[in-house]
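Visitor: I'd like to ask you about the structure that follows.
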(Lines give C-alpha, C1' and ligand atoms only; values in the text may rest on other atoms or scores of the structure.)
Protein backbone atom coordinates (compact mmCIF):
# COMPACT_ATOMS: atom_id res chain seq x y z
CA UNK A 1 0.00 0.00 0.00
CA UNK A 2 2.87 2.36 0.65
CA UNK A 3 4.27 1.76 -2.78
CA UNK A 4 4.90 4.62 -5.11
CA UNK A 5 2.22 4.72 -7.71
CA UNK A 6 2.73 4.89 -11.36
CA UNK A 7 2.75 8.43 -12.60
CA UNK A 8 -0.30 7.78 -14.71
CA UNK A 9 -3.03 9.90 -13.18
CA UNK A 10 -5.71 7.31 -13.73
CA UNK A 11 -3.89 4.75 -11.62
CA UNK A 12 -3.24 7.36 -9.01
CA UNK A 13 -6.84 8.39 -8.75
CA UNK A 14 -7.93 4.78 -8.59
CA UNK A 15 -5.67 4.01 -5.67
CA UNK A 16 -6.25 7.14 -3.64
CA UNK A 17 -9.93 7.40 -4.35
CA UNK A 18 -11.34 10.63 -5.62
CA UNK A 19 -12.93 11.52 -2.29
CA UNK A 20 -9.56 11.42 -0.56
CA UNK A 21 -7.96 13.76 -3.03
CA UNK A 22 -6.95 17.05 -1.51
CA UNK A 23 -8.59 20.05 -3.10
CA UNK A 24 -6.52 22.73 -4.71
CA UNK A 25 -6.49 25.48 -2.07
CA UNK A 26 -8.10 28.79 -3.00
CA UNK A 27 -6.11 31.99 -3.24
CA UNK A 28 -7.64 33.13 0.02
CA UNK A 29 -6.62 29.97 1.88
CA UNK A 30 -3.09 30.58 0.75
CA UNK A 31 -3.28 34.21 1.82
CA UNK A 32 -4.67 33.34 5.26
CA UNK A 33 -1.96 30.74 5.81
CA UNK A 34 0.73 33.18 4.73
CA UNK A 35 -0.63 35.82 7.10
CA UNK A 36 -0.86 33.41 10.05
CA UNK A 37 2.60 31.97 9.48
CA UNK A 38 4.15 35.40 9.12
CA UNK A 39 2.84 36.27 12.59
CA UNK A 40 4.18 33.02 14.04
CA UNK A 41 7.64 33.65 12.61
CA UNK A 42 7.97 37.22 13.92
CA UNK A 43 11.37 36.49 15.43
CA UNK A 44 12.81 35.84 11.97
CA UNK A 45 11.64 39.23 10.64
CA UNK A 46 12.99 40.91 13.71
CA UNK A 47 16.43 39.32 13.21
CA UNK A 48 16.50 40.10 9.49
CA UNK A 49 15.36 43.71 9.90
CA UNK A 50 17.71 44.29 12.80
CA UNK A 51 20.63 42.85 10.84
CA UNK A 52 19.79 45.06 7.85
CA UNK A 53 20.33 48.14 9.98
CA UNK A 54 23.36 46.77 11.76
CA UNK A 55 24.98 45.63 8.55
CA UNK A 56 24.91 49.10 7.06
CA UNK A 57 27.05 50.48 9.88
CA UNK A 58 29.10 47.42 10.73
CA UNK A 59 32.72 47.95 11.70
CA UNK A 60 32.09 51.66 12.06
CA UNK A 61 32.92 53.09 15.44
CA UNK A 62 29.84 55.27 15.71
CA UNK A 63 27.62 52.59 14.20
CA UNK A 64 23.91 53.17 13.89
CA UNK A 65 24.28 56.61 15.46
CA UNK A 66 25.30 57.72 11.95
CA UNK A 67 21.62 57.59 11.06
CA UNK A 68 20.90 60.26 13.66
CA UNK A 69 24.02 62.26 12.84
CA UNK A 70 23.38 62.35 9.09
CA UNK A 71 19.81 63.47 9.57
CA UNK A 72 20.92 66.07 12.13
CA UNK A 73 23.50 67.52 9.76
CA UNK A 74 20.94 67.64 6.96
CA UNK A 75 18.45 69.54 9.11
CA UNK A 76 21.01 71.96 10.52
CA UNK A 77 22.37 72.65 7.04
CA UNK A 78 19.14 73.07 5.13
CA UNK A 79 16.99 74.56 7.93
CA UNK A 80 18.48 78.07 8.03
CA UNK A 81 18.50 78.26 4.22
CA UNK A 82 14.78 77.66 3.97
CA UNK A 83 14.03 79.78 7.01
CA UNK A 84 15.67 82.65 5.14
CA UNK A 85 13.95 81.84 1.86
CA UNK A 86 10.53 81.65 3.47
CA UNK A 87 11.31 84.54 5.76
CA UNK A 88 10.27 82.56 8.84
CA UNK A 89 11.89 82.49 12.22
CA UNK A 90 14.36 79.67 12.76
CA UNK A 91 12.82 78.73 16.11
CA UNK A 92 9.51 78.16 14.36
CA UNK A 93 10.85 76.58 11.22
CA UNK A 94 13.43 74.13 12.52
CA UNK A 95 11.08 72.13 14.81
CA UNK A 96 8.52 72.07 11.99
CA UNK A 97 11.06 70.82 9.48
CA UNK A 98 12.57 68.26 11.86
CA UNK A 99 9.28 66.57 12.70
CA UNK A 100 8.15 66.55 9.07
CA UNK A 101 11.36 65.26 7.61
CA UNK A 102 11.65 62.47 10.19
CA UNK A 103 8.08 61.28 9.61
CA UNK A 104 8.35 61.68 5.83
CA UNK A 105 11.61 59.75 5.92
CA UNK A 106 9.74 56.81 7.41
CA UNK A 107 6.87 56.93 4.90
CA UNK A 108 9.06 57.37 1.82
CA UNK A 109 11.60 54.77 2.82
CA UNK A 110 8.86 52.24 3.61
CA UNK A 111 7.51 52.76 0.10
CA UNK A 112 10.90 52.61 -1.59
CA UNK A 113 12.04 49.58 0.41
CA UNK A 114 8.77 47.82 -0.36
CA UNK A 115 9.73 47.72 -4.03
CA UNK A 116 12.69 45.49 -3.29
CA UNK A 117 11.16 43.53 -0.40
CA UNK A 118 10.72 40.34 -2.43
CA UNK A 119 13.45 40.96 -5.00
CA UNK A 120 16.03 41.39 -2.26
CA UNK A 121 14.82 38.25 -0.48
CA UNK A 122 14.99 36.02 -3.57
CA UNK A 123 17.50 33.67 -1.95
CA UNK A 124 15.16 33.02 0.95
CA UNK A 125 12.01 32.79 -1.13
CA UNK A 126 13.53 30.38 -3.63
CA UNK A 127 15.17 28.05 -1.13
CA UNK A 128 12.96 27.94 1.91
CA UNK A 129 9.24 27.76 2.42
CA UNK A 130 8.65 31.09 4.15
CA UNK A 131 5.53 33.28 4.40
CA UNK A 132 5.92 36.17 1.96
CA UNK A 133 4.17 38.80 4.11
CA UNK A 134 6.98 38.37 6.61
CA UNK A 135 9.41 40.13 4.29
CA UNK A 136 7.24 43.23 4.61
CA UNK A 137 7.55 43.00 8.38
CA UNK A 138 11.27 42.83 7.84
CA UNK A 139 11.29 46.20 6.08
CA UNK A 140 8.94 47.50 8.77
CA UNK A 141 11.41 46.48 11.50
CA UNK A 142 14.24 48.06 9.52
CA UNK A 143 12.39 51.35 9.07
CA UNK A 144 11.07 51.47 12.62
CA UNK A 145 14.63 51.18 13.88
CA UNK A 146 15.74 53.99 11.59
CA UNK A 147 12.73 56.07 12.63
CA UNK A 148 13.69 55.49 16.26
CA UNK A 149 17.17 56.83 15.62
CA UNK A 150 15.94 59.85 13.69
CA UNK A 151 13.23 60.62 16.21
CA UNK A 152 15.95 61.35 18.78
CA UNK A 153 16.46 64.64 16.97
CA UNK A 154 12.95 65.84 17.73
CA UNK A 155 13.42 66.35 21.51
CA UNK A 156 16.91 67.75 20.83
CA UNK A 157 15.63 70.42 18.45
CA UNK A 158 12.58 71.16 20.61
CA UNK A 159 14.78 71.66 23.66
CA UNK A 160 17.26 73.80 21.75
CA UNK A 161 14.49 76.20 20.74
CA UNK A 162 12.47 75.89 23.93
CA UNK A 163 9.41 74.63 22.09
CA UNK A 164 6.98 72.91 24.44
CA UNK A 165 5.23 69.62 23.72
CA UNK A 166 1.63 69.31 24.87
CA UNK A 167 -0.47 66.27 25.71
CA UNK A 168 -1.89 66.52 22.18
CA UNK A 169 1.37 64.91 21.08
CA UNK A 170 -0.05 61.59 22.29
CA UNK A 171 -2.25 61.64 19.19
CA UNK A 172 0.91 60.89 17.22
CA UNK A 173 0.69 57.29 18.46
CA UNK A 174 -2.62 56.41 16.79
CA UNK A 175 -1.32 58.48 13.87
CA UNK A 176 1.74 56.28 13.58
CA UNK A 177 -0.47 53.18 13.64
CA UNK A 178 -2.54 54.62 10.78
CA UNK A 179 0.61 55.39 8.81
CA UNK A 180 2.07 51.93 9.48
CA UNK A 181 -1.06 50.13 8.31
CA UNK A 182 -1.18 52.26 5.17
CA UNK A 183 2.50 51.73 4.43
CA UNK A 184 2.15 47.96 4.89
CA UNK A 185 -0.82 47.80 2.53
CA UNK A 186 1.01 49.86 -0.10
CA UNK A 187 4.06 47.67 0.43
CA UNK A 188 2.00 44.52 -0.15
CA UNK A 189 1.00 45.77 -3.56
CA UNK A 190 4.33 47.33 -4.51
CA UNK A 191 6.48 44.39 -3.40
CA UNK A 192 4.39 42.03 -5.54
CA UNK A 193 4.16 44.11 -8.69
CA UNK A 194 7.83 45.13 -8.51
CA UNK A 195 8.86 41.47 -8.47
CA UNK A 196 7.07 41.06 -11.78
CA UNK A 197 7.77 44.37 -13.51
CA UNK A 198 11.28 45.56 -12.86
CA UNK A 199 10.57 49.07 -14.15
CA UNK A 200 8.13 49.61 -11.33
CA UNK A 201 10.70 50.41 -8.63
CA UNK A 202 11.99 53.26 -10.80
CA UNK A 203 8.49 54.58 -11.36
CA UNK A 204 7.79 54.45 -7.62
CA UNK A 205 11.02 56.27 -6.77
CA UNK A 206 9.96 59.08 -9.07
CA UNK A 207 6.42 59.24 -7.74
CA UNK A 208 7.76 59.45 -4.18
CA UNK A 209 10.11 62.21 -5.30
CA UNK A 210 7.23 64.21 -6.76
CA UNK A 211 5.10 63.54 -3.67
CA UNK A 212 7.92 64.96 -1.57
CA UNK A 213 7.61 68.32 -3.33
CA UNK A 214 3.80 68.32 -3.33
CA UNK A 215 3.59 67.58 0.38
CA UNK A 216 4.01 70.36 2.94
CA UNK A 217 7.27 69.16 4.45
CA UNK A 218 9.48 72.19 3.93
CA UNK A 219 6.71 74.63 3.13
CA UNK A 220 3.38 75.21 4.86
CA UNK A 221 -0.11 75.15 3.51
CA UNK A 222 -0.67 78.76 4.58
CA UNK A 223 2.23 79.87 2.37
CA UNK A 224 0.43 78.96 -0.83
CA UNK A 225 -2.58 80.61 -2.50
CA UNK A 226 -5.95 79.30 -1.30
CA UNK A 227 -6.68 78.42 -4.93
CA UNK A 228 -4.03 75.74 -4.66
CA UNK A 229 -4.95 74.36 -1.25
CA UNK A 230 -6.45 71.34 -2.98
CA UNK A 231 -2.88 70.18 -3.68
CA UNK A 232 -2.50 69.63 0.05
CA UNK A 233 -6.08 68.68 0.87
CA UNK A 234 -6.38 65.89 -1.68
CA UNK A 235 -2.81 64.71 -1.36
CA UNK A 236 -3.09 61.51 0.70
CA UNK A 237 0.57 61.77 1.66
CA UNK A 238 -0.08 65.17 3.25
CA UNK A 239 -2.78 63.62 5.42
CA UNK A 240 -0.60 60.65 6.35
CA UNK A 241 2.18 63.02 7.31
CA UNK A 242 -0.14 65.28 9.27
CA UNK A 243 -1.72 62.61 11.50
CA UNK A 244 1.73 61.95 12.98
CA UNK A 245 3.52 65.28 12.78
CA UNK A 246 0.75 67.76 13.60
CA UNK A 247 0.17 66.39 17.14
CA UNK A 248 3.91 66.59 17.90
CA UNK A 249 3.84 70.22 16.74
CA UNK A 250 0.89 70.89 19.04
CA UNK A 251 -1.96 70.75 16.54
CA UNK A 252 -4.85 68.29 16.40
CA UNK A 253 -5.11 66.79 12.90
CA UNK A 254 -8.38 67.74 11.20
CA UNK A 255 -11.24 65.29 10.76
CA UNK A 256 -10.76 65.76 7.03
CA UNK A 257 -7.20 64.48 7.33
CA UNK A 258 -8.31 61.43 9.31
CA UNK A 259 -10.99 60.88 6.69
CA UNK A 260 -8.44 61.02 3.89
CA UNK A 261 -6.34 58.43 5.71
CA UNK A 262 -9.35 56.17 6.13
CA UNK A 263 -10.25 56.45 2.44
CA UNK A 264 -6.63 55.74 1.54
CA UNK A 265 -6.57 52.65 3.79
CA UNK A 266 -9.74 51.30 2.23
CA UNK A 267 -8.77 51.98 -1.37
CA UNK A 268 -5.22 50.64 -1.05
CA UNK A 269 -6.43 47.68 1.00
CA UNK A 270 -9.11 46.73 -1.50
CA UNK A 271 -6.54 46.77 -4.29
CA UNK A 272 -3.49 45.38 -2.51
CA UNK A 273 -4.96 42.45 -0.57
CA UNK A 274 -6.80 40.73 -3.46
CA UNK A 275 -3.87 41.49 -5.77
CA UNK A 276 -1.37 39.91 -3.42
CA UNK A 277 -3.65 36.97 -2.65
CA UNK A 278 -4.04 36.26 -6.36
CA UNK A 279 -0.34 36.40 -7.24
CA UNK A 280 1.27 35.28 -3.96
CA UNK A 281 2.12 31.80 -5.22
CA UNK A 282 3.53 33.22 -8.48
CA UNK A 283 6.08 35.49 -6.83
CA UNK A 284 8.69 32.75 -6.49
CA UNK A 285 8.57 32.16 -10.25
CA UNK A 286 9.19 35.83 -10.97
CA UNK A 287 12.37 36.13 -8.93
CA UNK B 1 1.39 10.57 9.52
CA UNK B 2 4.03 12.04 7.21
CA UNK B 3 2.97 11.89 3.61
CA UNK B 4 3.62 13.46 0.25
CA UNK B 5 0.92 13.40 -2.39
CA UNK B 6 1.39 15.03 -5.74
CA UNK B 7 -1.46 14.77 -8.20
CA UNK B 8 -0.94 15.90 -11.77
CA UNK B 9 1.59 18.53 -10.77
CA UNK B 10 2.90 20.82 -13.48
CA UNK B 11 5.36 23.63 -12.97
CA UNK B 12 6.36 26.09 -15.62
CA UNK B 13 8.68 29.03 -15.40
CA UNK B 14 7.92 32.12 -17.35
CA UNK B 15 11.25 33.48 -18.50
CA UNK B 16 11.29 37.23 -18.38
CA UNK B 17 14.25 38.94 -19.87
CA UNK B 18 14.70 42.67 -19.37
CA UNK B 19 12.68 43.03 -22.55
CA UNK B 20 9.58 41.11 -21.59
CA UNK B 21 9.75 42.15 -17.96
CA UNK B 22 9.04 45.83 -18.50
CA UNK B 23 5.62 47.37 -18.70
CA UNK B 24 6.62 49.20 -21.84
CA UNK B 25 7.01 45.97 -23.76
CA UNK B 26 3.79 44.68 -22.26
CA UNK B 27 1.98 47.71 -23.61
CA UNK B 28 3.78 47.59 -26.93
CA UNK B 29 3.04 43.92 -27.26
CA UNK B 30 -0.65 44.57 -27.01
CA UNK B 31 -0.45 47.34 -29.54
CA UNK B 32 1.80 45.32 -31.81
CA UNK B 33 -0.53 42.40 -31.55
CA UNK B 34 -3.48 44.46 -32.61
CA UNK B 35 -1.80 45.82 -35.68
CA UNK B 36 -0.55 42.46 -36.80
CA UNK B 37 -3.64 40.56 -35.64
CA UNK B 38 -1.24 38.13 -34.20
CA UNK B 39 -2.01 36.39 -30.91
CA UNK B 40 1.53 35.09 -30.64
CA UNK B 41 2.80 35.21 -27.07
CA UNK B 42 6.28 36.53 -26.60
CA UNK B 43 7.04 35.09 -23.19
CA UNK B 44 9.19 32.01 -23.17
CA UNK B 45 7.94 29.34 -20.85
CA UNK B 46 10.07 26.51 -19.57
CA UNK B 47 8.08 23.52 -18.47
CA UNK B 48 10.01 22.17 -15.51
CA UNK B 49 7.51 19.53 -14.43
CA UNK B 50 4.73 17.96 -16.46
CA UNK B 51 1.86 16.03 -14.94
CA UNK B 52 3.84 14.49 -12.13
CA UNK B 53 1.88 12.28 -9.75
CA UNK B 54 3.50 10.61 -6.79
CA UNK B 55 2.41 9.27 -3.48
CA UNK B 56 4.92 8.73 -0.70
CA UNK B 57 4.16 7.15 2.66
CA UNK B 58 6.25 6.44 5.78
CA UNK B 59 9.10 4.09 4.97
CA UNK B 60 9.45 5.25 1.38
CA UNK B 61 12.98 6.00 0.23
CA UNK B 62 12.89 7.47 -3.23
CA UNK B 63 15.86 8.24 -5.42
CA UNK B 64 15.44 10.72 -8.26
CA UNK B 65 17.60 10.23 -11.31
CA UNK B 66 17.75 11.87 -14.69
CA UNK B 67 19.91 14.15 -16.78
CA UNK B 68 20.64 17.75 -15.77
CA UNK B 69 17.64 19.96 -16.13
CA UNK B 70 15.21 17.04 -15.98
CA UNK B 71 13.33 18.63 -13.10
CA UNK B 72 14.82 16.85 -10.09
CA UNK B 73 15.53 19.98 -8.09
CA UNK B 74 12.22 21.52 -9.08
CA UNK B 75 10.41 18.41 -7.86
CA UNK B 76 12.28 18.61 -4.55
CA UNK B 77 11.27 22.24 -4.21
CA UNK B 78 7.66 21.38 -4.84
CA UNK B 79 7.94 18.80 -2.08
CA UNK B 80 9.51 21.31 0.29
CA UNK B 81 6.71 23.79 -0.41
CA UNK B 82 8.90 26.45 -2.04
CA UNK B 83 7.13 26.14 -5.37
CA UNK B 84 3.37 26.11 -5.26
CA UNK B 85 2.62 24.58 -8.65
CA UNK B 86 0.24 26.42 -10.95
CA UNK B 87 -1.22 23.08 -11.98
CA UNK B 88 -2.19 20.07 -9.90
CA UNK B 89 -2.55 19.43 -6.21
CA UNK B 90 0.13 19.05 -3.56
CA UNK B 91 -0.39 17.69 -0.08
CA UNK B 92 2.53 17.50 2.30
CA UNK B 93 2.25 16.38 5.89
CA UNK B 94 5.03 16.34 8.42
CA UNK B 95 8.10 18.43 9.13
CA UNK B 96 10.11 18.79 5.96
CA UNK B 97 13.80 19.49 5.86
CA UNK B 98 15.51 20.18 2.56
CA UNK B 99 19.27 20.13 2.59
CA UNK B 100 19.60 22.22 -0.52
CA UNK B 101 21.36 25.51 0.12
CA UNK B 102 22.61 24.92 3.64
CA UNK B 103 24.29 28.30 3.99
CA UNK B 104 21.13 30.29 3.22
CA UNK B 105 20.70 33.10 5.71
CA UNK B 106 24.35 33.28 6.69
CA UNK B 107 25.61 36.78 7.31
CA UNK B 108 29.34 37.03 6.73
CA UNK B 109 29.81 39.87 9.20
CA UNK B 110 28.14 38.06 12.07
CA UNK B 111 30.00 35.70 14.36
CA UNK B 112 29.65 31.95 13.99
CA UNK B 113 27.51 31.88 17.09
CA UNK B 114 25.16 34.63 15.85
CA UNK B 115 24.89 32.78 12.57
CA UNK B 116 23.81 29.65 14.43
CA UNK B 117 20.93 31.65 15.87
CA UNK B 118 20.04 33.35 12.58
CA UNK B 119 20.21 30.22 10.44
CA UNK B 120 18.25 28.17 12.99
CA UNK B 121 15.51 30.80 13.05
CA UNK B 122 15.41 30.77 9.22
CA UNK B 123 14.90 27.01 9.51
CA UNK B 124 11.90 27.53 11.78
CA UNK B 125 13.23 27.60 15.34
CA UNK B 126 12.47 30.34 17.82
CA UNK B 127 15.39 32.37 19.13
CA UNK B 128 15.13 30.54 22.47
CA UNK B 129 15.19 27.12 20.78
CA UNK B 130 18.14 28.20 18.69
CA UNK B 131 20.07 29.22 21.80
CA UNK B 132 19.29 25.87 23.37
CA UNK B 133 20.61 24.01 20.34
CA UNK B 134 23.69 26.17 19.92
CA UNK B 135 26.05 24.20 22.23
CA UNK B 136 25.35 20.93 20.40
CA UNK B 137 25.78 22.60 17.03
CA UNK B 138 29.01 24.22 18.18
CA UNK B 139 30.32 20.87 19.38
CA UNK B 140 29.45 19.06 16.17
CA UNK B 141 31.04 21.77 14.02
CA UNK B 142 34.29 21.48 16.04
CA UNK B 143 34.93 25.16 15.38
CA UNK B 144 35.55 26.03 19.04
CA UNK B 145 36.97 29.50 19.54
CA UNK B 146 36.34 30.42 15.93
CA UNK B 147 32.63 30.71 16.64
CA UNK B 148 33.23 34.09 18.24
CA UNK B 149 34.75 35.45 15.02
CA UNK B 150 32.79 36.81 12.05
CA UNK B 151 32.38 34.04 9.51
CA UNK B 152 33.97 36.11 6.75
CA UNK B 153 37.24 35.02 8.40
CA UNK B 154 36.34 31.34 7.89
CA UNK B 155 37.62 29.11 5.15
CA UNK B 156 35.04 27.60 2.77
CA UNK B 157 35.38 24.27 4.56
CA UNK B 158 34.73 25.86 7.96
CA UNK B 159 31.59 27.55 6.68
CA UNK B 160 30.30 24.28 5.29
CA UNK B 161 31.01 22.59 8.63
CA UNK B 162 28.98 25.20 10.46
CA UNK B 163 26.17 25.20 7.90
CA UNK B 164 25.96 21.43 7.97
CA UNK B 165 25.94 21.29 11.76
CA UNK B 166 23.07 23.79 11.96
CA UNK B 167 21.01 22.40 9.12
CA UNK B 168 21.13 18.86 10.47
CA UNK B 169 20.47 19.76 14.11
CA UNK B 170 16.80 18.86 13.92
CA UNK B 171 15.45 15.52 12.78
CA UNK B 172 12.76 16.01 10.14
CA UNK B 173 9.91 13.65 9.23
CA UNK B 174 10.61 14.17 5.56
CA UNK B 175 14.17 14.61 4.39
CA UNK B 176 14.90 16.00 0.94
CA UNK B 177 18.46 15.86 -0.32
CA UNK B 178 19.80 17.43 -3.49
CA UNK B 179 23.14 15.68 -3.99
CA UNK B 180 25.08 14.62 -0.96
CA UNK B 181 26.33 17.45 1.15
CA UNK B 182 30.08 17.43 0.93
CA UNK B 183 31.42 18.93 4.10
CA UNK B 184 35.03 19.86 4.57
CA UNK B 185 38.02 17.63 5.16
CA UNK B 186 38.23 13.84 5.27
CA UNK B 187 37.52 13.63 8.97
CA UNK B 188 34.47 15.87 8.86
CA UNK B 189 33.17 14.35 5.62
CA UNK B 190 33.03 11.00 7.35
CA UNK B 191 31.25 12.49 10.32
CA UNK B 192 28.83 14.35 8.05
CA UNK B 193 28.13 11.23 6.04
CA UNK B 194 27.37 9.31 9.20
CA UNK B 195 25.02 11.98 10.39
CA UNK B 196 23.28 12.18 7.02
CA UNK B 197 22.87 8.40 7.09
CA UNK B 198 21.43 8.50 10.58
CA UNK B 199 19.07 11.31 9.58
CA UNK B 200 18.01 9.51 6.44
CA UNK B 201 17.37 6.37 8.45
CA UNK B 202 15.28 8.12 11.11
CA UNK B 203 13.37 10.15 8.54
CA UNK B 204 9.99 8.76 7.78
CA UNK B 205 10.27 9.65 4.11
CA UNK B 206 13.46 10.27 2.18
CA UNK B 207 13.79 11.75 -1.27
CA UNK B 208 17.24 11.97 -2.75
CA UNK B 209 18.27 13.53 -6.05
CA UNK B 210 21.67 12.26 -6.98
CA UNK B 211 23.75 11.14 -9.95
CA UNK B 212 25.94 8.60 -8.18
CA UNK B 213 24.05 5.31 -8.42
CA UNK B 214 26.16 3.56 -5.76
CA UNK B 215 25.10 6.08 -3.11
CA UNK B 216 21.58 5.90 -4.44
CA UNK B 217 21.43 2.16 -3.93
CA UNK B 218 22.71 2.44 -0.38
CA UNK B 219 20.02 4.97 0.60
CA UNK B 220 16.97 4.18 -1.48
CA UNK B 221 14.72 1.25 -2.24
CA UNK B 222 12.75 2.97 -4.99
CA UNK B 223 13.70 5.21 -7.84
CA UNK B 224 12.07 7.48 -10.34
CA UNK B 225 13.60 8.61 -13.60
CA UNK B 226 12.79 12.15 -14.66
CA UNK B 227 13.06 13.20 -18.28
CA UNK B 228 12.10 16.71 -19.44
CA UNK B 229 9.91 17.16 -16.41
CA UNK B 230 8.06 13.90 -16.68
CA UNK B 231 8.37 10.72 -14.69
CA UNK B 232 9.67 8.35 -17.34
CA UNK B 233 10.07 5.35 -15.10
CA UNK B 234 9.34 4.51 -11.50
CA UNK B 235 9.57 1.42 -9.33
CA UNK B 236 11.93 -0.71 -7.22
CA UNK B 237 15.43 0.71 -7.44
CA UNK B 238 17.19 -2.27 -9.01
CA UNK B 239 14.73 -2.63 -11.86
CA UNK B 240 14.67 1.10 -12.57
CA UNK B 241 18.44 1.45 -12.46
CA UNK B 242 18.95 -1.54 -14.75
CA UNK B 243 16.60 -0.05 -17.30
CA UNK B 244 18.12 3.42 -16.85
CA UNK B 245 21.68 2.20 -17.33
CA UNK B 246 20.65 0.14 -20.32
CA UNK B 247 19.04 3.15 -21.95
CA UNK B 248 22.03 5.34 -21.11
CA UNK B 249 24.39 2.80 -22.68
CA UNK B 250 22.27 2.47 -25.79
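The values are calculated or read from the model by the stated rules, or taken from the named source; none is laboratory data. Keep in mind it's a predicted model, so treat the numbers as computed, not measured. Positions of Cβ are generated from backbone atoms using ideal geometry, with glycine treated the same way; all protein chains shown enter the neighbour counts.
Visitor: Which one of B:95, B:72 is within 18 Å of the chain's Cα centre (by Cα), over 23 Å from residue B:239 (Cα atoms) and modelled with pLDDT of 85 or more? Spell out how you get there, then give the answer.
Guide: On the way: B:72 fails: over 23 Å from residue B:239 (Cα atoms).
None of the other options fit; the residue is B:95.
Visitor: Quick one: is residue B:87 facing chain A (nearest Cβ under 10 Å), surrounded by fewer than 19 Cβ atoms within 10 Å (Cβ to Cβ) and in contact (Cβ under 8 Å) with a residue 12 or more places away in the chain?
Guide: Details: facing chain A (nearest Cβ under 10 Å): yes; surrounded by fewer than 19 Cβ atoms within 10 Å (Cβ to Cβ): yes; in contact (Cβ under 8 Å) with a residue 12 or more places away in the chain: yes.
In short, yes.
Visitor: Of the residues B:143, B:162, B:177, only one is under 26 Å from residue B:1 (Cα atoms) and surrounded by 19 or more Cβ atoms within 10 Å (Cβ to Cβ); which?
Guide: After applying the criteria, what remains is B:177.
Visitor: A follow-up question, please. Kindly check whether there is at least one residue in region B:59-66 that is within 24 Å of residue A:124 (Cβ to Cβ), facing another protein chain (nearest Cβ under 8 Å), out of contact with any helix residue (DSSP H, G or I) (no Cβ under 7 Å at 6 or more places or on another chain) and at pLDDT 85 or above.
Guide: No, region B:59-66 contains no residue that is within 24 Å of residue A:124 (Cβ to Cβ), facing another protein chain (nearest Cβ under 8 Å), out of contact with any helix residue (DSSP H, G or I) (no Cβ under 7 Å at 6 or more places or on another chain) and at pLDDT 85 or above.
Visitor: Which of the residues spanning region B:91-106 are touching a residue at least 40 places away in the same chain (Cβ under 8 Å), at the interface with chain A (Cβ under 9 Å from one of its Cβ atoms) and crowded, with 19+ Cβ neighbours inside 10 Å?
Guide: Residues of region B:91-106 touching a residue at least 40 places away in the same chain (Cβ under 8 Å): B:91-100, B:102-103, B:106.
In the following step, the residues that additionally are at the interface with chain A (Cβ under 9 Å from one of its Cβ atoms) were identified as B:91, B:96, B:98, B:100.
Hits for region B:91-106 are B:96, B:98, B:100.
Visitor: Where in region A:157-247 are the helices (runs of 4 or more DSSP H), entirely inside, with at least 3 residues that are crowded, with 16+ Cβ neighbours inside 10 Å and away from every other protein chain (no Cβ under 14 Å)?
Guide: Once the helices (runs of 4 or more DSSP H) in region A:157-247 are filtered for at least 3 residues that are crowded, with 16+ Cβ neighbours inside 10 Å and away from every other protein chain (no Cβ under 14 Å), what remains is A:172-196.
Visitor: State whether one or more residues within region B:114-125 are facing chain A (nearest Cβ under 10 Å), modelled with pLDDT of 90 or more and out of contact with any helix residue (DSSP H, G or I) (no Cβ under 8 Å at 6 or more places or on another chain).
Guide: Yes.
Visitor: Could I ask something else about it? Hey, among B:130, B:134, which residue is within 14 Å of chain A (Cβ to nearest Cβ), at negative phi and without any contact (Cβ under 8 Å) to a residue 60 or more places away in the chain?
Guide: B:130 is the lone residue from the list that is within 14 Å of chain A (Cβ to nearest Cβ), at negative phi and without any contact (Cβ under 8 Å) to a residue 60 or more places away in the chain.
Visitor: Only one of (1) surrounded by 19 or more Cβ atoms within 10 Å (Cβ to Cβ); (2) closer than 20 Å to residue A:138 by Cβ fails for residue B:127. Which number is that?
Guide: (1)
Visitor: If we scan region B:147-157, do we find a residue that is in contact (Cβ under 8 Å) with a residue 40 or more places away in the chain, surrounded by 15 or more Cβ atoms within 10 Å (Cβ to Cβ), touching a strand residue (DSSP E or B) at 6+ places or on another chain (Cβ under 9 Å) and within 10 Å of chain A (Cβ to nearest Cβ)?
Guide: First pass over region B:147-157, keeping only residues in contact (Cβ under 8 Å) with a residue 40 or more places away in the chain: B:150-152, B:154.
Then keep just the ones that are surrounded by 15 or more Cβ atoms within 10 Å (Cβ to Cβ); that gives B:150-151, B:154.
Subset that is touching a strand residue (DSSP E or B) at 6+ places or on another chain (Cβ under 9 Å): B:150-151.
After this cut, where a residue has to be within 10 Å of chain A (Cβ to nearest Cβ) as well, the list is B:150.
Looking for residues that are in contact (Cβ under 8 Å) with a residue 40 or more places away in the chain, surrounded by 15 or more Cβ atoms within 10 Å (Cβ to Cβ), touching a strand residue (DSSP E or B) at 6+ places or on another chain (Cβ under 9 Å) and within 10 Å of chain A (Cβ to nearest Cβ), one finds at least one in region B:147-157, hence yes.
Visitor: Of the residues A:185, A:152, which is within 28 Å of residue A:65 (Cα to Cα) and in contact (Cβ under 8 Å) with a residue 60 or more places away in the chain? Quick ask: steps written out before the conclusion?
Guide: Details: A:185 fails: within 28 Å of residue A:65 (Cα to Cα).
After ruling out the rest, the residue left standing is A:152.
Visitor: Something else now. Picking from A:278, A:282, which residue would you name as being within 30 Å of residue A:132 (Cα to Cα), within 14 Å of chain B (Cβ to nearest Cβ), surrounded by fewer than 20 Cβ atoms within 10 Å (Cβ to Cβ) and in contact with a helix residue (DSSP H, G or I) (Cβ under 6 Å, 6 or more places away or on another chain)? Don't jump to the end; show me each part of the working.
Guide: Working: A:282 fails: in contact with a helix residue (DSSP H, G or I) (Cβ under 6 Å, 6 or more places away or on another chain).
Within the list A:278, A:282, the selection yields A:278.
Visitor: Sticking with this one: Can you give me the ranges of the strands (runs of 3 or more DSSP E) entirely in region B:186-250 with at least 2 residues that are surrounded by fewer than 17 Cβ atoms within 10 Å (Cβ to Cβ) and within 14 Å of another protein chain (Cβ to nearest Cβ)?
Guide: Details: elements: B:205-209, B:222-227, B:230-236.
Where strands (runs of 3 or more DSSP E) fall fully within region B:186-250 and carry at least 2 residues being surrounded by fewer than 17 Cβ atoms within 10 Å (Cβ to Cβ) and within 14 Å of another protein chain (Cβ to nearest Cβ), they are B:230-236.
Visitor: Look at residue A:126 and say whether it is within 14 Å of chain B (Cβ to nearest Cβ), in contact (Cβ under 8 Å) with a residue 24 or more places away in the chain and in a helix (DSSP H, G or I).
Guide: On the way: within 14 Å of chain B (Cβ to nearest Cβ): yes; in contact (Cβ under 8 Å) with a residue 24 or more places away in the chain: yes; in a helix (DSSP H, G or I): yes.
Spelling it out, residue A:126 is indeed within 14 Å of chain B (Cβ to nearest Cβ), in contact (Cβ under 8 Å) with a residue 24 or more places away in the chain and in a helix (DSSP H, G or I).
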